[in-house]
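Reading through the structure tokens given below for one structure.
What follows draws every value from the coordinates through simple rules; no lab data is involved. Note that the structure is a prediction, hence the values are computed from the model and not measured. Note that we place each Cβ from the backbone using ideal geometry, even for glycine, and neighbour counts take in every protein chain shown.
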Amino acid sequence: MTMPKFDEINVGDALPELNLGVLTREGIAAFAHASGDMNPIHLDEEAAKANKLPGIIAHGMLNMAFLSRVVTGWVPQSQLRRLETRFAAMAFPGDTVVCRGEVSGKREDGGEKLADLTIELVNGKGETLLAGGAIVALS
Amino acid sequence: MDNVAPSGLTFDEYVGKAYEPFSGKVEKDRLVAFSKAIGQSDPVYLDSQAAKAAGYRDVLAPPTFSFTITLDAGQSFNVLDDMGIEHASSVHGAQWFTYDAPICAGDTISGQQSIKEIFTKKGGALVFIMIETPLKNQNGEPVATLGSTIVVRRG
């Protein structure tokens, strides 16, 4: 990974897009087991419908984990200072998931050179499912 | 709508409440399974030797893994049970993490969740519960703090 330099980045620069492909039931189930969130709305179609959902949904925290990768694909995780997101809409099996990021600010604080990023996770229809931000330290 | 939770206590009475301190070991197999489930292929997340070569004690926990530490400890949406609120009437509205130091396999992470703020919108039809959990490692170093906003629909 070639680390971006504080002096060489500009507000508006895009991070490399991360295309995660199509969400599958198996992938969501694997995250349920690994993350410990075994809520049946992520595993069982009938249980999801009983909870007034159209069907199984992906964990918000699976989507947030995907979204974190657009940042850690740009700088090593050791540079990450803050990660945040709002869960705006749900993701379902069959949805295509893409993560994007952009430099939204540059500043120095506490002796560190920081870049503010806006990040979002969108589905194949272009709907924003997660909208958030990150702060990374650069040199 | 009133400011009273189904438990009978007012939401104001919950603000500032701290839950039981917890502590747990981060198992390598769990970390690797988590990283694979999020499609992470960087060997610092998967392979002990690669992690050590990069300066970590062992495989690195991805940025959102600490949420799983709180889930394992039963401290995240437990506030709903405490307030007598049905989980089905709530959604995870927002989540944030701040980072101080890496979490690696073999670490023992301790923390304690507290309720920072509760406010209502739409005349009490929506309740926003903000919880926060600072985490430390076995050396007493802060590693991360995580915060969740849980949104409850009422009526």
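In the neighborhood of B:VAL59, defined by Cβ-to-Cβ distances under 12 Å, what is the net charge if each Lys or Arg adds +1 and each Asp or Glu adds -1? If you can, show how the numbers build up before the last one.
Numbers: positive: B:LYS28, B:ARG30, B:LYS36, B:LYS52, B:ARG57; negative: B:GLU27, B:ASP29, B:ASP42, B:ASP47, B:ASP58, B:ASP107.
Combined, the nearby Lys, Arg, Asp and Glu give -1.
Output the direction-averaged projected area (hull surface divided by four) of the convex hull of the alpha-carbon atoms of region A:16-139, in nm².
Average projection, Cα convex hull of region A:16-139: 8.1 nm².
Residues in region A:35-70, backbone N under 17 Å from the label point at B:ALA54 (7 Å along the Cα-to-beta-carbon vector): list them, ranges by number please.
Answer for region A:35-70: A:65-70.
Can you tell me, using C-alpha contacts under 8 Å and at least 6 residues apart, the relative contact order of region B:12-153 as a whole percent? Walk me through the numbers on the way to the answer.
Values: 272 pairs, mean separation 40.2, N = 142.
Across region B:12-153, relative contact order equals 28 percent.
Dipole size in debye (nearest 20) for region B:12-153 around its Cα centre, Lys and Arg Cβ +1, Asp and Glu Cβ -1? Provide the component values of the computation, followed by the final result.
Values: 12 positive and 17 negative charges, 56 e Å.
With only Lys, Arg, Asp and Glu charged at Cβ, the dipole is about 260 debye.
Could you work out how far the C-alpha centroid of region A:72-139 sits from that of region A:5-49, in angstrom?
About 13 Å separates the Cα centre of region A:72-139 from the one of region A:5-49.
P(r) of chain B in 10 Å steps, Cα pairs, percent per bin?
Distribution as computed: 11, 37, 28, 17, 7, 1 percent.
Taking amide hydrogens as modeled 1.01 Å from N in the peptide plane, which residues meet the under 5 Å criterion relative to B:GLN113, leaving out close sequence neighbours?
Those lying under 5 Å, H to H, from B:GLN113 are B:TYR19.
Taking 7 Å along the Cα-to-C-beta vector as the label spot, tell me the A:HIS33-A:ALA47 distance in nanometres, rounded to one decimal.
For the pair A:HIS33/A:ALA47, the computed spacing is 1.5 nm.
Once the cut-off is 16 Å, how many percent of the Cα-Cα pairs in region B:51-122 end up in the long-distance tail?
Working: 1556 of 2556 pairs.
Roughly 61 percent, rounded to a whole number.
Angle check, please: helix A:25-35 long axis (alpha carbons) against the longest principal axis of chain A (alpha carbons), in degrees 0 to 90, nearest 10.
It is inclined by approximately 70 degrees.
Below 8 Å, C-alpha to C-alpha, sequence gap of six or more: please give me the relative contact order for region A:1-136 in percent.
Details: 266 pairs, mean separation 40.4, N = 136.
That works out to 30 percent.
Using just the helices of the protein assembly as shown, give the 222 nm mean residue ellipticity in deg cm²/dmol: DSSP H runs with n ≥ 4 each add -39,500 (n - 2.57), and the total is spread over all residues, rounded to 500. Show your work: numbers first, answer last.
Working: 8 runs with 64 residues, N = 294.
Helix-only estimate at 222 nm: -6000 deg cm²/dmol.
May I ask for the Rg/Rh ratio of the protein assembly as shown, computed from Cα atoms with Rh as the Kirkwood radius, given to two decimals?
Working: Rg = 19.0 Å, Rh = 19.8 Å.
Taking Rh as the inverse mean 1/r over Cα pairs, Rg/Rh reads 0.96.
Determine the shielding of peptide B:142-155 by partner chains: average, over its residues, the number of Cβ atoms on other chains within 10 angstrom of each Cβ.
Mean number of neighbouring Cβ atoms from other chains: 1.
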